[in-house]
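Asker: So that we are looking at the same thing, I have put the structure below in structure tokens.
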Amino acid sequence: MQKYLIIIEKTQTGYSAYSPDVDGCIATGITQEETRQNMKEALQFHLEGLFLEGLQIPQSQSQAEMLEI
């Protein structure tokens, strides 16, 4: 099982999410929790598609950290 960093951002209509390690995979939702769940499903679908096409599965390499300024 692989873990992927996701970034959730506030939008005018809700939230959007992406993973810096998985190009082209995004999700949206009205709440953060809905967006998180939609992103999990999008990542699973995206990675399964890559696998079925015989393409390389991206490895998780990104990290996040909050800095207090």
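Throughout, read-outs are computed from the coordinates displayed, never taken from laboratory work. What you see is a predicted model; the values in this text were computed from it and never measured. Because the Cβ atoms are built from the backbone with ideal geometry, glycine has one as well, and the counts that use them run over all protein chains shown.
Asker: Conditions first: (1) surrounded by fewer than 10 Cβ atoms within 10 Å (Cβ to Cβ); (2) touching a Cys at 6+ places or on another chain (Cβ under 7 Å). ALA42 passes all but one, so which condition is the exception?
Answerer: The number of the failed condition is (1).
Asker: Only residues that are among the β-branched types (Val, Ile, Thr) and in contact (Cβ under 8 Å) with a residue 24 or more places away in the chain: list them for the range 22-56, please.
Answerer: Answer for the range 22-56, where residues must be among the β-branched types (Val, Ile, Thr) and in contact (Cβ under 8 Å) with a residue 24 or more places away in the chain: VAL22, THR35.
Asker: Of the numbered conditions (1) in contact with a helix residue (DSSP H, G or I) (Cβ under 6 Å, 6 or more places away or on another chain); (2) exposed (fewer than 13 other Cβ atoms within 10 Å of the Cβ); (3) hydrophobic (A, V, I, L, M, F, W, C), MET1 satisfies every one except a single condition; which is it?
Answerer: Evaluating MET1 over (1) in contact with a helix residue (DSSP H, G or I) (Cβ under 6 Å, 6 or more places away or on another chain); (2) exposed (fewer than 13 other Cβ atoms within 10 Å of the Cβ); (3) hydrophobic (A, V, I, L, M, F, W, C) leaves (1) as the failure.
Asker: How about the range 1-52: which of its residues are within 20 Å of GLN63 (Cβ to Cβ) and of a type in the set (Phe, Trp, Tyr)?
Answerer: TYR4, TYR18
Asker: For residues that are more than 13 Å from the chain's Cα centre (by Cα), aliphatic (A, V, I, L, M) and more than 14 Å from ILE8 (Cβ to Cβ), tally how many sit in the range 23-65.
Answerer: Residues in the range 23-65 being more than 13 Å from the chain's Cα centre (by Cα), aliphatic (A, V, I, L, M) and more than 14 Å from ILE8 (Cβ to Cβ): 4 in total.
Asker: Being of a type outside the set (Val, Ile, Thr) and over 18 Å from LEU5 (Cβ atoms) is the filter; apply it to the range 51-69 and report the residue that is surrounded by the fewest Cβ atoms within 10 Å (Cβ to Cβ).
Answerer: Looking at residues that are of a type outside the set (Val, Ile, Thr) and over 18 Å from LEU5 (Cβ atoms), I get GLU68.
Asker: Could you list all residues from the range 1-16 that are over 18 Å from GLU48 (Cβ atoms) and of a type in the set (A, V, I, L, M)?
Answerer: Across the range 1-16, the qualifying residues are LEU5, ILE7, ILE8.
Asker: Could you grab the pairs with beta carbons closer than 8 Å, sequence gap of 6+ or different chains, first residue in the range 1-18 and closer than 14 Å to THR35 by Cβ, second one loosely packed, with under 10 Cβ neighbours inside 10 Å and small (Gly, Ala, Ser)?
Answerer: ILE7/ALA64
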